[in-house]
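Accompanying notes for the structure given below.
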Amino acid sequence: MSFFEKFKNSAKELSNVHVLAICAMMLALRVVLGIFTNFTLAIMPFVKIGFSFIPIVITAYLFGPVCAGIVSGAGDILSIIISNPTAFSINPLLTLCYVFEGIIYGVALYKSELELKRIILAKVAVLLLCALPLNTLILSGMMNIPYPTLLLYRAAVLVPFGAVEVIIIRLMKPLLKKIKIQKHNA
């Protein structure tokens, strides 16, 4: 399936009430995981790791880049509003980066087998296109920390954790295949 067909088919998924309901559940799960499983290291408070990527990956695999981008961006906004609306408030640039992450996962995983190389490619693309360069640049401006310094600290944590994320996604493969089969039978 071509790049543009993935977006077209993913947008069509939104016309199905069943898909909207599942996306809403993934959004709720994204918010809950974003609030309760994200944590920062005491020595690096500007690096956040957690498990809020799981519902994004599930949405990307099942419904594509449009749905995953919406769930990822809306999840970021709702997590901030619910958990601590006064801390940094909502930064539209960071939210846009999260939308791009959902889109990247959707382009890589939608209507495909969850092969290890595809999962790794998706995670590397998220790290190299969003999490490290863009998010770090935005955070550098917000926190007044030099970009190269912040990039090194974030890379030291996010790259190894990226390997953990790849393993978790790979372990989810049997479950996701089962859900996909049930989706087509419904």
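Can you say whether Met142 is touching a residue at least 12 places away in the same chain (Cβ under 8 Å) and surrounded by fewer than 15 Cβ atoms within 10 Å (Cβ to Cβ), as far as the supplied structure shows?
Considered against the rule, which asks whether it is touching a residue at least 12 places away in the same chain (Cβ under 8 Å) and surrounded by fewer than 15 Cβ atoms within 10 Å (Cβ to Cβ), Met142 comes out as yes.
Being over 19 Å from Ile103 (Cα atoms) and touching a helix residue (DSSP H, G or I) at 6+ places or on another chain (Cβ under 8 Å) is the filter here; which residues of the range 19-37 pass it?
Answer for the range 19-37, where residues must be over 19 Å from Ile103 (Cα atoms) and touching a helix residue (DSSP H, G or I) at 6+ places or on another chain (Cβ under 8 Å): Leu33, Ile35.
From the list Leu121, Leu128, Leu152, pick out the single residue that is among the hydrophobic types (A, V, I, L, M, F, W, C) and either touching a helix residue (DSSP H, G or I) at 6+ places or on another chain (Cβ under 6 Å) or closer than 25 Å to Lys177 by Cα (or both). Lay out the reasoning, then the answer.
Numbers: Leu128 fails: either touching a helix residue (DSSP H, G or I) at 6+ places or on another chain (Cβ under 6 Å) or closer than 25 Å to Lys177 by Cα (or both); Leu152 fails: either touching a helix residue (DSSP H, G or I) at 6+ places or on another chain (Cβ under 6 Å) or closer than 25 Å to Lys177 by Cα (or both).
Result of the check over Leu121, Leu128, Leu152: Leu121.
Give the residues of the range 133-186 that are within 25 Å of Asn91 (Cα to Cα), hydrophobic (A, V, I, L, M, F, W, C) and within 19 Å of the chain's Cα centre (by Cα), sorted by residue number.
Residues satisfying the conditions are Leu134, Leu137, Ile138, Leu139, Ala155, Val157, Leu158, Val159, Phe161.
Considering each residue of the range 103-153, count those that are outside any helix (DSSP H, G or I) and of a type in the set (D, E, K, R), and give that number.
Total satisfying the criteria: 3.
Scan the range 6-45 for residues that are of a type in the set (A, V, I, L, M) and more than 17 Å from the chain's Cα centre (by Cα) and jot them down.
Residues satisfying the conditions are Ala11, Leu14, Val17, Val19, Leu20, Ala21, Leu41, Ala42, Ile43, Met44.
Kindly list, by first and then second residue, each pair from a residue in the range 30-55 that is more than 18 Å from Ile70 (Cα to Cα) and surrounded by fewer than 18 Cβ atoms within 10 Å (Cβ to Cβ) to a residue that is β-branched (Val, Ile, Thr) and modelled with pLDDT under 90, limited to pairs with Cβ atoms under 6 Å and residues at least 6 apart or on different chains.
Hits for this filter: Lys48/Thr40; Gly50/Thr37.
Please work out if Tyr105 is among the hydroxyl-bearing types (Ser, Thr, Tyr), in contact with a Leu (Cβ under 7 Å, 6 or more places away or on another chain) and at pLDDT 95 or above.
no
Just to be sure I understand, how many residues within the range 25-81 are in a helix (DSSP H, G or I), closer than 13 Å to Glu13 by Cβ and not polar (S, T, N, Q)?
Qualifying residue count, the range 25-81: 12.
The values are calculated or read from the model by the stated rules, or taken from the named source; none is laboratory data. A quick note: this is a predicted structure, and the numbers were derived from the prediction, not measured. As a convention, Cβ positions derive from the backbone with ideal geometry for all residues, glycine included, and neighbour counts pool all protein chains shown.
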